[in-house]
1. Once phi is turned into ³J(HN,Hα) by the Karplus curve 6.51 cos²θ - 1.76 cosθ + 1.60 with θ = phi - 60°, what whole-Hz value does each residue of segment 312-318 show in order, with x for glycine and proline?
2. Viscosity 1.002 mPa s, temperature 20 °C: Stokes-Einstein D of segment 51-138 from its Kirkwood Cα radius, in µm² per second?
3. Multiply the residue separation of THR344 and ASP371 by 0.36 nm, subtract the distance between their alpha-carbon atoms, and state the gained length in nm to one decimal.
4. Show the residues, 5+ positions off or on another chain, whose built amide H is closer than 5 Å to the amide H of GLN152.
5. Quick check on segment 103-143: what are the equivalent-ellipsoid semi-axes from the Cα gyration tensor, as sqrt(5λ), descending, whole Å?
6. Pulled fully out, how much extra length does the chain show between ALA401 and ALA123, if you take 0.36 nm times their separation in residues and subtract their Cα-Cα distance?
7. Can you give me the three principal axis dimensions of the chain from its C-alpha atoms, in Å, biggest first?
8. For ILE323 and MET379, what does the FRET efficiency come to when R0 = 51 Å and r is the distance between their Cβ atoms, rounded to the nearest 0.05?
Amino acid sequence: MTKPLRLGIAGLGTVGAGVVKIIRQKANLLAARTGRPVVITAVSARSRDKDRGVNLSDYAWEDDPVKLAQRDDIDVFVELMGGSDGPAKAATEAAIAAGKDVVTANKAMLALHGQELAKAAEAAGRVIRFEAAVAGGIPVVKALTEGLAGNQISRVMGVMNGTCNYILTRMEGAGLPYAEVFEEANQLGYLEADPTLDVGGIDAGHKLALLASIAFGTQVSFDDVELEGITRITIDDIEQAADMGYRIKLLGVAQMTGRGLEQRMSPCLVPANSPLGQLEGGTNMVVLEGDHVGQIVLRGAGAGEGPTASAVMSDVLDIARGIRVSTFGQPADTLEAVKAAKSTAPAPYYLRMALHDKPGALAKIATALGDAGVSVDRMRQYSHDASAAPVLIVTHKTTRAALDDAIAGFEATGVVASPPVTIRIETV
């Protein structure tokens, strides 16, 4: 009989339990698809006694994930603990040193330490696979490393945090303020233990940094991702953007330019009738653009037990089949040190502000925009109270620097009642 592929699983939360269920329920299918059995030898988690809805009695238990990673009776260390450092990193390093392949869903660890871990794995003749770390069940890592390997990628773009997309679409659909929907998402268990990882754009930024490394052959550089979360987005922004034919999304964009690699994760307006604009709830979407294939759109569940466990198993089955792919699609030693670049490409912008109800107030704002070289595409003024008038402006394409000059000019007019909100409108 063909030798089984033996797994050691560290972390038995939602995803870990999901992986165990798949292996227990689909043993014959997995063996048929790989030509060898896939079995679990040992597991590790913080608590032995917790009811995880799956039978673990057949597996050896290790309290220490490092010891699990070093066991002689495992071939693949499956790291599902999370955390950029601590036990997850220590156990992953131990697994590589012990000659094990690694499958992980840990985006934070790879975004911060991916280069050194990839080099260590390759030096040991091992692989690190991380499909489950980016966009849940969407096979975007495999798409970049394998399906689109013959393309030069020009842009990676997408909605990569389902919690933020849920909050924004829920605000729009129910007409609720951010704070109320944030609390609702928290009660539903959608938010990380540290909610800023979600709403601050950090979780999605980790994912973008990983995809950018594969797409552009650069070392992972999360520190160079421009990050802005969704905490400043109001129901007014959502409703008024919709009035102009747009929806607001926390959008990641990475592209290589002559100045270096742009990586930004920030709220953007996208056309309401575009694929990204039609994305609802916790669904993720990644758009890849290659020189030969054109634009590819991948859409699916971005989190949850089933989708993420499915992604873990795709990596496990590739290893079982003998498929060996470098961590970031090419040898780590060939990945170039990234030269970070701020986005200077012109784009239209959305501006929302409140103006004092004074004669000529709107004309003064238009003059400040014109003096900075910013052209107005559309402008609307909404009903208001006695003191301030809400105004919405959509510009023609302009640079962020020119827009900042215009905003600085607003202050000198004396007619702005509140700081302007600015959101980039992204071409999809």
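1. Per residue, the Karplus-derived 3J(HN,Hα) values read 4, 5, 4, 6, 4, 5, 4 Hz.
2. Using the Kirkwood radius from Cα pairs, D works out to 160 µm²/s.
3. Separation in residues times 0.36 nm, less the Cα-Cα distance, equals 7.8 nm.
4. Counting only residues 5 or more places away or on other chains, the set is ASP291, HIS292.
5. So the three semi-axes of segment 103-143 are 19, 12, 7 Å.
6. Contour length minus the Cα-Cα distance gives 95.6 nm.
7. 85, 45, 34
8. About 0.40, to the nearest 0.05.
The values are calculated or read from the model by the stated rules, or taken from the named source; none is laboratory data. Since this is a predicted model, take the numbers as computed values, not measurements. Cβ coordinates were reconstructed from backbone atoms using ideal geometry, including for glycine residues, and neighbour counts include every protein chain displayed. Each accessible area value is taken on the protein alone, full model and side chains, heavy atoms only, with ligands, DNA and RNA left out. Shrake-Rupley method; radii C 1.70, N 1.55, O 1.52, S 1.80 Å.
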